[in-house]
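The structure under discussion appears below in the form of C-alpha cells.
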Amino acid sequence: MKDQLLRFNGAVERDPAIDAWMREHAGELGAIAHHWFEMMRKCGDEVRELLHDGCPVACLGDAPFGYVNVYTSHVNVGFFHGATLPDQARLLQGTGKFMRHVKLKPGMTTNAAALSQLIDAAYSDIKERVEHG
C-alpha cells in the first residue's frame, strides 16, 4: 500500500505561501477556509504543509491528507483518502476513486463536530498508511 501513497516534495512546518494565500482569500469564504485549515494544522506535531495546485494542503511528512480551496460561492474541505473515511453524518461529496470533499457555504449550518471528526480520521488514516503501509 505504501507505493500507492501520493507524496509531495517541499512540505514544511509552516509555509509562508499558505499565509499569503489566506491573506489573498479574505472575507467569509476565506475565513471558512482558514478555520478548517487551522484544524488540520493542529492534528499533530508531524503536520507539514505546502501550496499545491493553488490551494493549501496538509500533510503528514510528505503524504497529504487534507486541503482547503475557495471557489466563487463555496469552500471545499477535502481529503486525499476521503473515500475510505467513516462518514456517519454523510458530509463527504465526490465520486473519485480516492478523494472526497465537504462543501461549505457562508450562512450554511455546518456540522462542525462531524467535520472535525473527518479531519481527525483523515490524519489518523494517513498516519496508519505511512507508518504501517
Item to complete: Compute the relative contact order of the chain as a whole-number percentage, counting only Cα pairs closer than 8 Å that sit 6 or more residues apart in sequence.
Response: 24 percent
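When a/c is below 1.5 the answer is rounded, else prolate if a/b is larger than b/c, else oblate, so apply that to the stretch 71-133 with a ≥ b ≥ c taken from the square roots of the Cα gyration tensor eigenvalues. List each step's numbers first, then the result.
Numbers: a/c = 2.32, a/b = 1.75, b/c = 1.33.
Cα axes put the stretch 71-133 in the prolate bin.
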Fill in: the stretch 25-95: chymotrypsin sites (Phe, Trp or Tyr not before Pro) in DSSP coil with no more than 15 other Cβ atoms inside 10 Å
Tyr71
Practice prompt. For Lys97, list the aspartates and glutamates whose Cα falls under 20 Å from its own Cα; do not include residues on the same chain fewer than 8 positions away.
Written response: Asp3, Asp53, Asp87, Asp125, Glu128
Worksheet item: What helices does the chain have that are whole DSSP H segments, at least 15 Å long along their own axis by Cα, and with mean Kyte-Doolittle hydropathy of -1.0 or more?
Response: 27-41, 112-132
Fill in: Å³ per residue enclosed by the Cα convex hull of the chain
102 Å³
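Throughout, read-outs are computed from the coordinates displayed, never taken from laboratory work. Source: prediction; values computed, not measured. Backbone-built Cβ (ideal geometry, glycine too); neighbour counts: all protein chains shown.
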